[in-house]
Amino acid sequence: MLLNQSNVIGLAKASCLLCDGVGVRIIRKDTEVTCNCTFRAIFRACLNRFRTCTISAEHVGSVSLDFCQGFDGKRSYSRKREEYLADFCLVSRRTLDDAEHTLFRFHFLLGADWKMCCRRLNLDRGSFFHMVYRIEQKLGRTFCELEPYALYPLDEYFGGVIQRTRTKRVLPMAVRKSFRPPMAA
C-alpha cells in the first residue's frame, strides 16, 4: 500500500508532536516519511480484527465464496478468518526477535497487563512501554508493506475481487476450425 498524506491523515494521532496529526513527517527539506503514530494505528486496527476473528468462534470453519476473474474459474473458496489469524501470528513471529515476540505473546495475544509482563520478563515500566511502541510500529509497517498480499488495508484482505490477468489461448493449426461467414440469401 502506498502511504502518502492523503492515505494516512485519518490514521495519524491528532496529538502527535512529530507530525502534528498529519501522518507524514518532513525530514531533510523535501523528504516525506510516514510517521510512527500511523504505523501504530495500522497495527491496532489489525490487532482489533485479530481479536474479532478469535471471538467469533461460532462461525469457525465457515467457508467464504469469492468471485474472481481468471482463466481457470470464476470462484474461489477460502476460510478468511482462519487465514487471517494464521497470517497475523506467522508474520509477527517472523518479524520480531525472541524478546519482542515473548512480550508480544504475553501482552497482545494473551492479554497480560504491564505489571504482570514486567514481573515475568524482568523489565521496568519504561522499558516495557518503549518495547511495546517499537513492536507496534515494526508490525504496523510490516503489515502494510507485506508483499504480495498485505494484511492492511483490511477491506482488501477480507473482501475484494482477485484480479488475475486473462491470457489468450492460442490453438495449434490442426485444432483450429475455419469459419466461413454465413451466406447471404
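FYI, it's all coordinate maths here, none of it is from the lab. Predicted, not measured: the structure shown is a model, and the values here were computed from it. Every residue, glycine as well, gets a Cβ built from its backbone with ideal geometry; the counts of neighbours run over all protein chains shown.
Once amide H atoms are placed 1.01 Å from N in the peptide plane, what residues at a sequence separation of 5 or more from VAL24, or on another chain, have their amide H within under 5 Å of its amide H? Amide H to amide H, under 5 Å and 5 or more residues apart or across chains, VAL24 pairs with CYS35.
If R0 is 35 Å, the Cβ-Cβ spacing of LEU18 and ASN48 corresponds to a FRET efficiency of close to 0.90.
Take the Cα of THR31, step 7 Å toward its Cβ, do the same at ARG125, and the gap between the two points is 3.6 nm. Taking each residue as 0.36 nm, the span from SER78 to GLN5 lengthens on full extension beyond its C-alpha to C-alpha distance by 22.9 nm. Kindly provide the Kirkwood hydrodynamic radius of the range 39-163 in Å, to one decimal, from all pairs of distinct alpha carbon atoms. After inverting the pairwise mean of 1/r, the radius is 15.9 Å. Listed by chain and number, the aspartates and glutamates whose alpha-carbon sits under 19 Å from that of LYS29, ignoring those within fewer than 8 places in the same chain, are ASP20.
Restricting to Cα pairs below 8 Å that are 6+ residues apart, what does the relative contact order work out to for the range 1-156? Please round to a whole percent. Across the range 1-156, relative contact order equals 23 percent.
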